[in-house]
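Have a look at the structure below, then the notes.
The values are calculated or read from the model by the stated rules, or taken from the named source; none is laboratory data. What you see is a predicted model, and the numbers here were worked out from it, not measured in a lab. Here the Cβ positions follow ideal geometry from the backbone for every residue, glycine too, while neighbour counts run over all protein chains shown.
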Amino acid sequence: MNSMEIFKQIPLYRYLAFCNESKNLEKTVLDCGAGGDSPPLSLFYSHGYRTTGIDMDLSQIEKANQFGLERGQSLNIHQGNMMNLEFEDELFSFVYSYNSIFHMMKDQVERSFLEMKRVTAKKGLLFVNFLTTNDFRVGDGIDLGNNQFQQYEDDVQVIHSYYEYGEADYLFKDMEVLYKEDRVLERIFEGQKIRQGFVDYILLKK
């Protein structure tokens, strides 16, 4: 990999730093939602991690694995559903889902997170982030209740669930929150200024 390559999933650099500081854990990492043309698993691979990824979309999986192959990396990304991870308990030291878990209803988000926690080793670290109600898209599309909406993304209908700042905290009541950040960003997208809201967590499994 080109040492100057910069990945657009910037919050995962902080997560990688936390992972690198963890002691007595194998360098195994799982990405839930790993597809796409700039897969951050490549970043972890370049830091000596044994990588595994899942995604629902075969075309996005192909793009991600091709990205790795072009850099001499076997990222090991295949089709899977984070609501039913086909892995043994506590198999991975590090598990993350970046900009992915909120593309479903909130009850499905809970199931997915519990699966992510199940496959994380004791003393392992999880990263997860959620869209927040600070996002400019809240209220668009078909209202499914509880800040859940059916909306268009790249001309495809998808579910987006939006969370209040502390709404997801109940999921982590038996974990240690090492880092939490409420992010609001403004940027130009397709010629328009947009406002996006996220809340990021780095969590320790006790």
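Annotations for the structure displayed:
- Checking each residue in segment 1-26 for being under 18 Å from the mean Cα position of the chain (by Cα), charged (D, E, K, R) and over 15 Å from Leu126 (Cβ atoms) picks out only Lys8.
- Exactly one residue out of Tyr96, Tyr165, Tyr201 is among the aromatic types (Phe, Trp, Tyr) and either over 24 Å from Ala17 (Cα atoms) or surrounded by fewer than 20 Cβ atoms within 10 Å (Cβ to Cβ) (or both), and it is Tyr165.
- Restricting attention to segment 8-17, the residues being surrounded by fewer than 16 Cβ atoms within 10 Å (Cβ to Cβ) and modelled with pLDDT of 95 or more number 4.
- Of everything in segment 166-182 that is in contact (Cβ under 8 Å) with a residue 60 or more places away in the chain and of a type outside the set (Ser, Thr, Tyr), the residue that is nearest to Val138 (Cα to Cα) is Glu181.
- Listed conditions (1) within 20 Å of Met83 (Cβ to Cβ); (2) surrounded by fewer than 14 Cβ atoms within 10 Å (Cβ to Cβ) are all met by Asp155, apart from (1).
- The set of residues in segment 78-113 that are within 26 Å of Gln151 (Cβ to Cβ) and not in a loop (DSSP other than H, G, I, E, B) comprises Gln79, Tyr96, Ser97, Lys106, Asp107, Gln108, Val109, Glu110, Arg111, Ser112, Phe113.
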